[in-house]
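This report concerns only the one structure given below.
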Amino acid sequence: MPVRFTTGDRIAETSSKGNQEKWLEDSRWYKLDLVGYEGLAETVTSRLLRQITGGAYQSMDVGRSLEICLNTKDRLIPLESVSSGTMDQIYLAVRLAAVRLIQGGGETLPLLFDDSFALYDDGRLTHALEFLAGHYGGQILLFTCHHREERLLSKNRTPYKMIYLKKEPQ
């Protein structure tokens, strides 16, 4: 049975040659392995991570023992060696990949972030906000007790609507 997934801005299709499902991504065929679509999740996460980090990390590799390494242009970096800011970028890429895989080619799901960028420095936050605004076609709800996101969105002239929630008097 053919399966269709949304990856990036297009549909990737499976092939049944040899009775094994495959999907096409960036002119390369990937095989469904015996444990499921982890290869597809890794591929989608890697693409998002490359975009979110501005190309600092090219891809993410998950080994058979679930060890994770990040590929830069010139070396492999074990996950445990990256900064907390980079870990947050990886976490964002994994969550966005999960959303893409869940929604498939269907209706775009809203994204909800609750102080998800608290540990980002201004550079990472600017890049993440620009990426989300430019690459996600659905609604994005960002809850924060900080004004940094508003300041950076305004500075970069990214359209947004701010709603202030006030605590009810007791």
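Read-outs throughout are calculated quantities, based only on the coordinates presented, and are distinct from any laboratory measurement. Predicted model only: the values in this text are computed from it and were never measured. Here Cβ is always computed from backbone atoms with ideal geometry, including for glycine, and neighbour counts include all displayed protein chains.
Using DSSP to define loop residues, name the GluC sites (Glu not before Pro) in the stretch 79-170 whose beta-carbon has at most 14 other beta-carbon atoms within 10 Å.
Here the GluC sites (Glu not before Pro) that fit, given the DSSP loop and packing criteria, are Glu107.
Mean 1/r over all different Cα pairs, inverted: what Kirkwood radius does the stretch 69-153 give, in Å?
The answer is 14.3 Å.
Where q = 0.19, 0.29, 0.30, 0.35 Å⁻¹, what log10 of I(q)/I(0) comes from the Debye formula for the stretch 111-151, counting one point per Cα?
Summing over Cα pairs of the stretch 111-151 leads to -0.53, -1.20, -1.25, -1.38.
For the stretch 138-170, which trypsin sites (Lys or Arg not before Pro) are in a loop by DSSP, counting at most 11 other Cβ atoms within 10 Å?
Arg157, Lys161, Lys166, Lys167
At q = 0.19, 0.22 Å⁻¹, what log₁₀ I(q)/I(0) does the stretch 53-110 have when each alpha carbon counts as one equal point scatterer in the Debye sum?
Result of the Debye calculation: -0.76, -0.92.
What is the distance, in nm, between label points placed 7 Å from the Cα along the Cα-to-Cβ direction at Tyr136 and at Ala118?
It works out to 1.8 nm between the two label points.
Using a Förster distance of 35 Å, how high is the FRET efficiency between Thr158 and Val62, based on the Cβ-Cβ distance and rounded to 0.05?
Taking R0 as 35 Å, the efficiency between Thr158 and Val62 is 0.60.
Can you grab the distance from the C-alpha centre of the stretch 45-72 to the C-alpha centre of the stretch 98-153, Å, no decimals?
19 Å
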